[in-house]
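A quick write-up on the structure given underneath.
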Ligand SMILES: [Mg+2]
């Protein structure tokens, strides 16, 4: 089988919970890039790239689109879609730090391979070791009382784990966690994500003041490059410390582990360049005995289908994963994935297993 054509188009989705903010910036609309890869055997796959906000990814959606259509696509035409290692090596030789564009291609290839074999995507990389995954839902930064009300509405839908964006002032951050805990009760697992907002000492002070409200995980309290600061936070507070922006690949995972800077690493398909590359980072975590979970970029059921195929395959996974954010997005052209009582299960149809409305995204024919 040979790849004959690679096409990518942009598609915008809107956040239904408006005014969404994190400590790095604010964004309600997300530009996604849908990627279709065709073959000489009439089988095709569809993937999605999530360029994300430029204050996180450092790059624009337009640039990702150009990369896929003009550089990555033509380079892999003629290659066998099952030769993933060769394809990824080729893409890496063409562009540095282009993981988010690469992830769109990787997902389309997993969809394609699964369809060619009649298998759900997770069977391409070891299969499922669990039926479903507990979902952790995200909440942007709002004034404390408003945030508590929004979180309560999410929990009422059956979710048992929440991740709160924080990172303004000590007083506000502590009050956010306090109000949310009061609103959702003692049994909901709470993670907080600073998105690099603090110095190590500021983070320690805030996290210690949150102790009565039972925070389970603290994500990326300090700057991505500040591994010493992160290690200091980890030694000084009760909750697990999770690295997100600090870890984009296997080499960075190794560095975080060697620095003793994190208990948990957030595995993300977009930032790490696709399922194939994420699983290499997962292997590093497993070798070191460091925990992991599947984190996300909000957008489409297509990405979340890939996320859940990945999550059910991870042998050491015990923590809830970020697989439900499609629920707060309008204009998703995909269907066939829903969260039931806070649990996500992988679609059983071949490939990534969700239906993509190709006419709607402009990739039909
Ligand atoms: Mg994060």
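Every number in this text was worked out from the coordinates using simple rules, so none of it is lab data. Keep in mind it's a predicted model, so treat the numbers as computed, not measured. Here Cβ is always computed from backbone atoms with ideal geometry, including for glycine, and neighbour counts include all displayed protein chains.
Taking the centroid of alpha carbons for each part, region 90-117 and region 242-315 are 16 Å apart. From the square roots a ≥ b ≥ c of the eigenvalues of the alpha-carbon gyration tensor of region 124-356, which class results: rounded (a/c under 1.5), prolate (a/b over b/c), or oblate? Oblate, because a/c is 1.5 or more while a/b does not exceed b/c. Here each label is just a point 7 Å from Cα along the line to Cβ, and for residue 66 and residue 182 those points are 5.1 nm apart. Express the relative contact order of region 3-118 as a whole percentage, based on alpha carbon pairs under 8 Å and six or more residues apart in sequence. Value for region 3-118: 31 percent.
Modelled label positions at residue 259 and residue 97, each set 7 Å beyond Cα in the direction of Cβ, lie 1.6 nm from each other.
In the chain, helical runs assigned H by DSSP with n ≥ 4 each contribute -39500 (n - 2.57); averaged across all residues and rounded to the nearest 500, the mean residue ellipticity at 222 nm is -10500 deg cm²/dmol. Packing order of peptides 228-237, 47-56, 264-273, highest average first: 264-273, 47-56, 228-237 (average count of other Cβ atoms within 10 Å over each peptide's residues). Extending 7 Å from Cα along the Cβ direction at residue 318 and again at residue 201 yields two label points whose distance is 3.5 nm. Based on C-alpha pairs under 8 angstrom that are at least 6 apart in sequence, the chain has a relative contact order of 20 percent. The alpha carbons of region 316-365 give a radius of gyration and a Dmax of 13.2, 42 Å, in that order. Using the alpha-carbon atoms, what tilt in degrees (0 to 90, nearest 10) does helix 200-209 show relative to the longest principal axis of the chain? Between helix and principal axis, roughly 60 degrees. Between the helical axis of 170-184 and the longest alpha-carbon principal axis of the chain there is an angle of about 80 degrees. Angle of helix 301-313 to the longest C-alpha principal axis of the chain, folded into 0 to 90 degrees and rounded to 10: 80°.
Could you tell me which of rounded, prolate or oblate describes region 15-149, using a ≥ b ≥ c as the square roots of the eigenvalues of the alpha-carbon gyration tensor, with rounded for a/c under 1.5 and, failing that, prolate when a/b is larger than b/c and oblate otherwise? Verdict is oblate for region 15-149. Sequence-distant contacts, meaning Cα pairs under 8 Å at least 6 residues apart, place the relative contact order of region 80-161 at 21 percent.
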